[in-house]
Amino acid sequence: AYQKFQERWRRKQLEEHLERWTSRGPAKEPVVECQVPVEHGASGEDLEYDVVEVPVGLAFECERLRHQLREKFLCDDLKLVEELSSYFAKKGGEEDEEEEALLQLPWIDLAALAQLTYWYDRRPRGDEEVELPKEERPRDAKYGRWTKKISREKVIYSSVGLKSRVRTRGHLGAKVFRRPAGVDVTRLSTLQRAASLCGHDPLLELVETTMESLRPRNVARIPWSEVEKHSSKDDLWLLIDGKVYDVTSFLSLHPGGGQLVVDAAAQDSTSLFERTHGEGLRYSLRLLNQFFIGVCENPGEAKPAEEEQPTPEFLSTLRSITGALHTFDEAKATGEAQGILRL
């Protein structure tokens, strides 16, 4: 009975210590430095390595990372927190930046482990909302000119963290797609690899469910009569090249101002999107992928926002990037495989 009491007490101590480490958010957590190969699938003697800082809370969530830590300190979970506390305290008092990383992980690559930490950092915790960038944009900013505005990195980072708030007023058949907050749908294959290799089963299940929802056979078919109802700043859907995007949560982040997006609702905005996103097109399309919810089953009924038709070059780039969302081709879905289209 005494041994069971001791074990329960130590487990409680472990949980309380983890809570202290993680309660202030990932940015404040101690980190486990992990050395990993830079390239996925690389082998040989002359490999290039880099170090990824993994928040300790994430390390404990991943069974394989936790196992590596237990092997490093030759202890069980209950003792591991004590060992890590001593390690972090000692490391915090040292100034030697050349110290070897705590863990050597030859079985995972830089992109995968980094993507895992991005997800951990961006995922919502309880009712927590994503903190939006504080920079103010010029009042006369128009048409996606990327000068003196919110940085691209912050827009992408904050957009991936946004929660999807899909509202419908009628039966649509298949459920509209809802991107899980914190999951970058243009990096699903990498995140799937990371969750599988690190042993994060709940995340692996989430990613695989998301991928299945994005397969063409499972995508919702939304009638235009439903799409055009969502045209206010509190509930905004866009129709672009036959696909539907719920951009409600993005209005405050849009570099050109939210009203520009509101004005594009309740019509076919394909040609308007081309005209207003000439600079940094592939970046804008990568963002657009994050807000996909379905395809319009009768897009021809929508009135075009502009008389001028979109150019073949634009449509080719658009379809290459947005189509890759359903084949999980990351190079295309992120725009890395295409050049920036300048008008």
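Excluding Glu330 itself, what net charge comes from residues whose Cβ is under 14 Å from its Cβ, given Lys and Arg +1 and Asp and Glu -1?
Result for the neighbourhood of Glu330: +1.
Could you work out what % of the accessible surface of segment 263-343 is carbon and sulfur, using a 1.4 angstrom probe and leaving DNA, RNA and ligands out of the count?
Carbon and sulfur: 48 percent of the exposed surface of segment 263-343.
Give the calculated FRET efficiency between Arg319 and Asp46 to the nearest 0.05, with a Förster radius of 41 Å applied to their Cβ-Cβ distance.
Efficiency computed from Cβ-Cβ geometry: 0.55.
Quick one: what are the phi-derived ³J(HN,Hα) couplings along segment 32-42, Karplus 6.51/-1.76/1.60 with θ = phi - 60°, whole Hz, x for glycine and proline?
With the stated coefficients, segment 32-42 comes to 9, 7, 10, 8, 9, x, 6, 9, 6, x, 6 Hz.
Would you please classify the overall shape of segment 288-338 from the alpha carbon gyration tensor, given that a ≥ b ≥ c denote the square roots of the eigenvalues, rounded means a/c under 1.5, and beyond that prolate means a/b larger than b/c while oblate covers the rest?
It is oblate, given that a/c is not under 1.5 and a/b is not larger than b/c.
Would you mind counting up the charge near Asn298? Only other residues with Cβ under 12 Å from its Cβ, with Lys and Arg at +1 and Asp and Glu at -1.
Spelling it out: positives minus negatives among the neighbours equals -4.
Using a 1.4 Å probe, what is the accessible area per residue for segment 243-343, in Å²?
That works out to 40 Å² for each residue.
Could you report the accessible area of Trp9 in Å², rounded to 10, computed with a 1.4 Å probe on the protein chains as they sit in the structure?
Solvent-accessible area, nearest 10 Å²: 120 Å².
Explain nothing, just compute: Karplus ³J(HN,Hα) = 6.51 cos²θ - 1.76 cosθ + 1.60, θ = phi - 60°, for every residue of segment 194-199 in order, whole Hz, x for Gly and Pro.
Ordered by residue, 3J(HN,Hα) equals 5, 5, 5, 5, 8, x Hz.
Roughly what % of Cα-Cα distances in segment 174-289 sit above 19 Å, to the whole percent?
53 percent
Can you work out the accessible area per residue across segment 46-92, with the rest of the protein chains kept in place, probe 1.4 Å, in square angstrom?
Value for segment 46-92: 53 Å² per residue.
The values are calculated or read from the model by the stated rules, or taken from the named source; none is laboratory data. The structure presented is a predicted model; accordingly, all values stated were derived computationally and were not measured. Neighbour counts run over all protein chains shown; Cβ positions are idealised from the backbone, glycine included. The accessibility values were calculated without ligands, DNA or RNA, using every heavy atom of the protein model including side chains. Shrake-Rupley method; radii C 1.70, N 1.55, O 1.52, S 1.80 Å.
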